[in-house]
Each structure stands twice: as C-alpha cells, then as structure tokens.
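The values are calculated or read from the model by the stated rules, or taken from the named source; none is laboratory data. None of these values were measured; they are calculated from a predicted model. Don't worry about glycine lacking a Cβ; one is built from the backbone with ideal geometry, like all the others, and counts go over all protein chains shown.
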Amino acid sequence: MEYNPKEIETKWQNYWKENDSFEPQEDYKKDKKYILSMFPYPSGRIHMGHVRNYCLGDAFARYFRKADFNVLHPIGWDSFGMPAENAAIKHKLHPKKWTYENIDYMRDELRALGLSFSTTREFATSDELYTRWEQEFIIKMYEEGLLYRKSTNVNWCPHDLTVLANEQIEEGCCWRCGTPVIQKEMPGYYIAITKYAQELLDDLKTLEGQWPSQVLTMQENWIGRSEGLEFSFELSKESRYKLDKQFDSYKVFTTRPDTIYGISYSALAPEHPIVKYIVENKLLSDSKIEAIKAMQKVSERDRATMPKEGVSLEIEVIHPLTAQKIPVWVANFVLSSYGGGAVMAVPAHDERDFEFAKEYDLPIKQVIVGDSGLIENMTEAYTGEGKLINSEGFSGLKNTKAKKSIIYHFEQNSLGSKQINFKLRDWGVSRQRYWGAPIPFVHCEDCGLVPEKSENLPISLPEDVEITGEGNPLDTHPTWKHCKCPKCGKDAIRETDTLDTFVQSSWYFLRYATNPKKWTKEGVSKKDSDYWMDVDQYIGGIEHAILHLLYARFFTKVLNDLGYTNSREPFKRLLTQGMVLKDGAKMSKSKGNVVDPDLIVDKYGADTARLFILFAAPPTKELEWNDSAVDGAFKFIKRFADRSSNVTFKAVENFKNINHSALSKDEKEARRKVYEALQKSNDVFNKTYAFNTLIAASMEAMNALQAQNNELVWAEGYYILTNILEPIIPHLSWELATKLFKRENFNDKIEVKDEVFELDSITLAVTINGKKRCEVEISADASKDEILTTAKNSASKWLEGKELIKEIVVPNKLVNLVVKG
C-alpha cells in the first residue's frame, strides 16, 4: 500500500467527527475510564510540550476504548489570565477576542493530530456558564467560613498592577513582565485551605504507588506539618511602658522545646504588629526605623536567601522558666506567615539563629551535648542529638525525651501547650485585573460585604473596556461597579477584584464529568460524578506538582463537603511527563529553539509526530528533540504501510488456525515477537507508561515478520500490530485495520498464546572464567549434562591444557567454565 499521510489522516479525522466516535456513552452500568490531560492556556499555537501531553492522554483513551470501557476523554481551555491583557495592550485587541480566536486556532491544531477528544464537553473557563457556577461555589465557601477578606502584605507588580504569588516571582521580578516586585499592604480574599491541611496530608497515603513518589514528597513538604510547643513571651514592665501598654506579650512556636534553656534572644518578623507599632510611632532612632522599613519592602521569599539582617527593638521579654530578661530583635529571617511571626532564638542549636548571633555578637549558650561533650568557642550550631545540660531539672535527659517532658511541664503549669503547625498558608485568590472571573460580592456602607444573590449569577465582565495596562479596568469603568446591595437594596459598589486562575483549574475535571445537557442547571452533577470520578489517569507537567494538584485536591474535598460530589480525591493515577528540549534547553520562543508541530504534521503526518514523541524517551523523562529521529519514525510507519501488501485476504480468513508446531524457526520467532509486543502493550497501559518500549517491541516484531514468508503469520501479525499501535498511530492503524480486517481486531480481546513462547531450542553464551568465548544452540529440553557436553565441545580450543575446576549452568542464559592454568 502506498502511504499518503495527508489523505489517510484527513479521511479518518472527518470520519471520527461525522460519527461522534469519541463521545462517552450514557450507559452508567458499563465499566468506565476517565482519562484527562491538563488543559492548555490558549496562547495562540500549540508547542511540542502540548503534543507530548495530549498524545500520552490520547493513547490511554484509545487503548481503553478498544478494551470496551466507557471512556471520557475531554478537552477545554484555561482561558482567563494576564497574558490576554498583555496581548490586548500589544495588539490592540480585546482580551476576549484574542482568547477565543486562539482557541479556534489551537482546536484545529489539536484536531490535526487525530486526538480523540469529546467535542460535546469542551468549554473555556472564561465562558459565562462556567463562571456562573464557580461564583456559586465561592459564595457557599464564604457562607461556610472557607473564604474571607483581610488586609495583608502582598507581592505587588507595579507594572501589571496585580498581586503575585511567591511562585510568580523570579529573582525578585514579575515572571511575566520582569518588573521588580514590591511589598504592599492591601485587602484581598483568602480561601482557608489550612483548615484541610491535615486531611490533605493524610490522604497522600491513599495515592502511594499511583502518584510519583517525588510529587507526594513535594506535596508533603509544602504542607509542612510540624509538632511543637506554643507559649507566650511576657514583655518586661519597662518594655510594656515603652510600647504605651499596647502589648503585654506575644506568642511563639517552636519545634525544639528541648533547647528552651538556650534562648539568648527573641526575634520578630518585620511585619509583626509590635514592629509595625514601633515604626508607626517612631519609637526608635531614624536610622533603625529606615532599616526596618527597608526589610519590610522585601518579600519573605527574597529575604530567605539574603544575609541575616536585624535591628534591636530595645525591648525585652521574660524567659518563661528562668525569669531572665531576653532582648528582642527584628530579623529578616523570621516569617510573619509561620508561628505567629515570632521565634525564640537558640543560636547554639539552630544554624539560622547562630548566623544571626555571630553577626550581632549575641550570646551563644549550649544546652545539648553529644558524645564529644561541651564545645568551646562554637564555630557552628550543634544540631545533633544528645543530653541536656544547663537546663535545671531537665539536665541529663536525652533531648528527644526532654521535648515531651518540657511540653508536659508547660501544660501542667499553664505556661503553654502542644501545638501542630503547618507551613501551608491560606490561599490568596484575588487579583487586580480585568480578564478573570469576577468575585461575586458587593460592598455596602450599611451591610458590609454582601454575596450576590444566586439568581443574579453570573456576574459577567463588561466588554466595553480599554486595556491600557494602568490599573484595573473594572475599577475605572463608569457604570459596571455601581449596583444595588442584594441585602438592603441601597446603592453599593461591586467588587472589582477577579479570581486567581488557579481557581478555575481546581474544579474543571468535575465539570467535564457532568453531562453537558445539565450544564445550565448544575455546576457539578452528583449522579454523573458518582460514575465518572475519580479521574483514572491524569497527565501533566511536573511543574504543576505542588500548587495545581494541591488546589485541585482541596477543591474536591470542599465540593464534597458542600454536597456536590462524593469524591474526595480527584486523580487516581498521575503521570508527570518530562519537558521537551532542543539543544539542551527547554523549548521557548525567547530562546529561538521552538519546533512548530504544524510543520512536522505537514511534512510527515500526524502519526509520525505522535510516534516520535512517544518513542524518543520514557514519558517521565526529558525528551531531546532530534530531527533524524523524526525521519526514522516516518520511515517505520511507511514500512508498516508498505508491508501490509503481504497480508492476503485468504490468509485473513485462515490465520486463526495456525499450526504453531509445524512452523519454521523464523516463523515461530516472528509470532513470538508479535505476542511479546502484545504483552508489552498490556503492561505499558496498566503499569509502566513506557511507550518507548512498546514501540521498540513493535519494531522488533516487524523485523521478525520480514525475516519469514508465511502469509498466515503476516496476517496474524498485522491483526495484532494494527490493534496495539492504534493508540499511537491511529490514522494508519484505522486504515489498515479497516482494509484488512474490517476493524474486527479493534473489538477483539486478543489473548496472548502461550504456545508462541515455547522454544524448540535456546541459545546459551559460553564463558571461560567469566569471559564470553562462544555461543551454543541446544534443544530447549536438554539435560544439564547435555548442555555441558555441548558447551565444552564448542569451547574446546580455550580449554586445551587447562584444568577444569568448576562447571556452572545458568538456565536459559549461559554456561560458565572455571579453569586453572
């Protein structure tokens, strides 16, 4: 058969579209598979990272369809976000127009790859029907105390005029425009994800063996559970007066209560209320005030990598056990977001505290000793285990036991209590931009913050705006923000902040699982969710290992608690694919190393692009682009098409009656290779994800088929290979399977035949003192003595004049003869 990829691919893509070939069935009694790749941002063109992601997902979807599962394999668009506004400024286009034109273009690009997506479930997160239900969820979360508004220091981009998450800052600058980020205090909306911290941590255990271990570790570290002691430092009498009696004490949290007798100073975060009060009321010298203000302008993330800096606040607190006075400093290494923004500092046993103490010549008091005893003139903190010293009645205890004893002492004397803390912080979800989902609240002078009424949803964006990059167009729009209070009916102001785009990507999988016929009436259908959830296979980049996956897990639990779904974990199995590189670097327009998938499809066809992207490397590893390997993939596909002429119609009618025992050695070898590929297919899709090994096995099978001339073996080989290669090169597989077998092999659960693995003979390596000298072919049922006799005869020239002292037979592998002399 002459291979014409454009003709074949156009034919089958039209067929699949006309016949709705990839729509899930509404038969909820049938076994299901929900296959989902992380949806794309509609930036304008797809890249090879998209191709890899979606070809992986498509391979799973096609495999399970042929295995007679009811398959949901949807696609959509993560379409809100700042890039649309930046493009609007650059190209003088409305963000909505730019976004939806990109969606149309990228949809055609994805279709050209032959991806088997459901078309009826496609949506963009900027669709008003999607926003309507998201706004309902936000209101319900507010009513349940899971969403609140507060003022806090945020990362602010003065160019884009928007709040940035820590992860959106690169080397102190905005990840999009490169402008240096500053700290700014302003009100914002926060989702109380910390209320689910323990459950999010505990449920990671249910994902072990199904998610990559590194992703589970990253999530565990991000949540960051720690147990310790919380207690209050009472301010000295003089310090209370210095602070105008506005403060009596402050709380600290420590995971090292065993070191409490080693406290030599206490440190507060630059944003701590006491520090703010001192700055606002100028209770220190001008130079100290300016130094503190400089610290406050730097984000916590950047401060973490800076040299230790601090300022004495000229106040003191009382040690809760010794009653000694302890100086209080403000320090750039203390985080306002952890443990109340205050620490007890024990420089002898904490590296961070030690560096600060050395910098400012503060006392260092050792209270734990290891086997080497007391360390004179410490040059670094001692962080190992040991026994307590200089710790009053606790001296002599092993420090691990002392932790519990000291916490117990604090609790018995009402000085403090055991506490559990998390590094995880509540999720700031408000952004100061136009192109996002409006936050459905109204500000009323009489009623305060009021949720919009359900019947008024969605709160839609006004389209008559001009994006200039200066401020939020919603805030400056002449009419949009002016409304009536949903509670009292008086004039009010609509909230002009919009939601972080992570919110949209935190529940989209539940929307896909809802039948589109219900989309106007339900955000998430519990009935549909009960059938489709959880996602059986999720595919996406490792860069989303923390935030997106954590937020999606959180949202699923919240929507469960709100009664929308019975699911508590969204994704059963996770595959994190590696990046696509060229010339050793990640493909990007700025580096000028982007490979346009459209050009590959135009030149070689979609099947070649798919085969290459799945063959070039294991999916979890980085893939280095290789032009010659693309050409090699095309040549294999062409050969697969050309050799189909060896399959005769007569052989198709009779190949299922092959008499294996009557076949020649080459014919048996061809059958064995074909069935090895079949075995590999089942293993890859259900366990290993190693598509490159499946393709390699298929190539070996083709080579073995070409080494023999039996028409029945050719027919059987193509019956199986067109089936197992359909998820990878679907267009040609459908063409050949239709032409040769009327696609009966796509509906046939092809069983592995044990007979093909029964060998007539085996080849063994013969080694002398571990060095390979020759090979021997012997009967598969030969005895050990027969094997040794044959091996020694074949290796006789290496045995002459030598004493044979040991004979070792490794079954089905080798014979090792050990000689002396």
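Annotations
- When the residues of the range 357-394 are filtered to those that are without any contact (Cβ under 8 Å) to a residue 60 or more places away in the chain and of a type in the set (Ser, Thr, Tyr), the one that is farthest from LYS325 (Cα to Cα) is SER372.
- Residue in the range 239-274 that is farthest from the chain's Cα centre (by Cα), counting only those that are part of a loop (DSSP other than H, G, I, E, B) and without any contact (Cβ under 8 Å) to a residue 24 or more places away in the chain: LYS245
- Being crowded, with 18+ Cβ neighbours inside 10 Å and among the aliphatic types (A, V, I, L, M) is a description that does not apply to ALA67.
- Elements of type helices (runs of 4 or more DSSP H) in the range 565-648, at least 1 residues being touching a Cys at 6+ places or on another chain (Cβ under 9 Å): 606-615
- You will find that of TYR148, TYR100, the residue that is within 30 Å of LYS195 (Cα to Cα) and either without any contact (Cβ under 8 Å) to a residue 24 or more places away in the chain or among the hydroxyl-bearing types (Ser, Thr, Tyr) (or both) is TYR148 and no other.
- Check on ASP602, at pLDDT 95 or above and either assigned by TED's automatic domain parsing to the domain that holds ILE729 or more than 30 Å from PRO212 (Cα to Cα) (or both): yes
- Checked against (1) closer than 30 Å to HIS319 by Cβ; (2) surrounded by fewer than 21 Cβ atoms within 10 Å (Cβ to Cβ); (3) at pLDDT 95 or above; (4) not β-branched (Val, Ile, Thr), GLU271 passes all but condition (3).
- Criterion applied to PHE685, PHE634 was being out of contact with any Leu (no Cβ under 6 Å at 6 or more places or on another chain) and either among the small types (Gly, Ala, Ser) or touching a residue at least 40 places away in the same chain (Cβ under 8 Å) (or both), and the one residue passing it is PHE685.
- Among the residues of the range 317-339, those identified as aliphatic (A, V, I, L, M) and in a strand (DSSP E or B) are VAL317, ILE318, ILE326, VAL328, VAL330, ALA331.
- Checking each residue in the range 504-523 for being of a type in the set (A, V, I, L, M, F, W, C) and buried (at least 24 other Cβ atoms within 10 Å of the Cβ) picks out TRP507, PHE509, LEU510, ALA513.
- Looking only at residues of the range 412-423 that are touching a residue at least 40 places away in the same chain (Cβ under 8 Å) and surrounded by fewer than 22 Cβ atoms within 10 Å (Cβ to Cβ), we find that the one that is farthest from the chain's Cα centre (by Cα) is LEU415.
- Some residue of the range 630-650 being under 30 Å from PHE757 (Cβ atoms), of a type in the set (Lys, Arg) and surrounded by 14 or more Cβ atoms within 10 Å (Cβ to Cβ): yes
- Only residues that are more than 21 Å from THR254 (Cβ to Cβ), touching a residue at least 60 places away in the same chain (Cβ under 8 Å) and surrounded by fewer than 18 Cβ atoms within 10 Å (Cβ to Cβ) were counted in the range 195-221, giving 7.
- Taking the listed residues ASP20, ASP31, ASP58, the one that is out of contact with any Phe, Trp or Tyr (no Cβ under 7 Å at 6 or more places or on another chain), modelled with pLDDT of 95 or more and surrounded by fewer than 18 Cβ atoms within 10 Å (Cβ to Cβ) is ASP20, with no other qualifying.
- Pair list, Cβ < 6 Å and 6+ apart or interchain, from the range 455-470 residues that are within 17 Å of THR498 (Cα to Cα) to residues that are of a type in the set (S, T, N, Q): LEU457/GLN135; PRO458/THR131; PRO458/GLN135
- Verdict on ASP642 being within 30 Å of GLN210 (Cα to Cα), out of contact with any strand residue (DSSP E or B) (no Cβ under 9 Å at 6 or more places or on another chain) and either hydroxyl-bearing (Ser, Thr, Tyr) or in contact (Cβ under 8 Å) with a residue 24 or more places away in the chain (or both): no
- Filtered residue count, the range 590-613, keeping only those that are small (Gly, Ala, Ser) and surrounded by 24 or more Cβ atoms within 10 Å (Cβ to Cβ): 3
- Restricting attention to the range 226-267, the residues being buried (at least 22 other Cβ atoms within 10 Å of the Cβ) and either charged (D, E, K, R) or modelled with pLDDT under 95 (or both) number 1.
- One residue from THR496, THR520, THR479, THR468 being of a type in the set (S, T, N, Q), over 30 Å from the mean Cα position of the chain (by Cα) and assigned by TED's automatic domain parsing to the domain that holds ARG121: THR520
- Subset of the range 166-191 [aliphatic (A, V, I, L, M) and crowded, with 17+ Cβ neighbours inside 10 Å]: ILE169, VAL181, ILE191
- Single residue of ASN646, ASN692 found to be touching a Pro at 6+ places or on another chain (Cβ under 6 Å) and at pLDDT 95 or above: ASN692
- Counted as qualifying within the range 686-799 are the helices (runs of 4 or more DSSP H) with 2 or more residues that are surrounded by fewer than 17 Cβ atoms within 10 Å (Cβ to Cβ), namely 691-706, 730-741, 784-794, 796-799.
- Elements of the type helices (runs of 4 or more DSSP H) sitting completely within the range 79-146 and holding at least 3 residues that are in the same structural domain as VAL558 (by TED's automatic domain parsing) and farther than 20 Å from SER505 by Cβ: these cover 82-91, 95-112.
- If you check VAL809, VAL766 for being of a type outside the set (Ser, Thr, Tyr), modelled with pLDDT of 95 or more and touching a strand residue (DSSP E or B) at 6+ places or on another chain (Cβ under 6 Å), only one passes: VAL766.
- When every residue of the range 302-320 is checked against the conditions, none turns out to be of a type in the set (Lys, Arg), more than 22 Å from SER249 (Cβ to Cβ), within 45 Å of the chain's Cα centre (by Cα) and at pLDDT 95 or above.
- ILE364 being touching a His at 6+ places or on another chain (Cβ under 7 Å) and either surrounded by 13 or more Cβ atoms within 10 Å (Cβ to Cβ) or farther than 10 Å from ASP258 by Cα (or both): no
- Residue within the range 361-368 that is at pLDDT 95 or above, in contact with a strand residue (DSSP E or B) (Cβ under 7 Å, 6 or more places away or on another chain) and assigned to a helix (DSSP H, G or I) present: no
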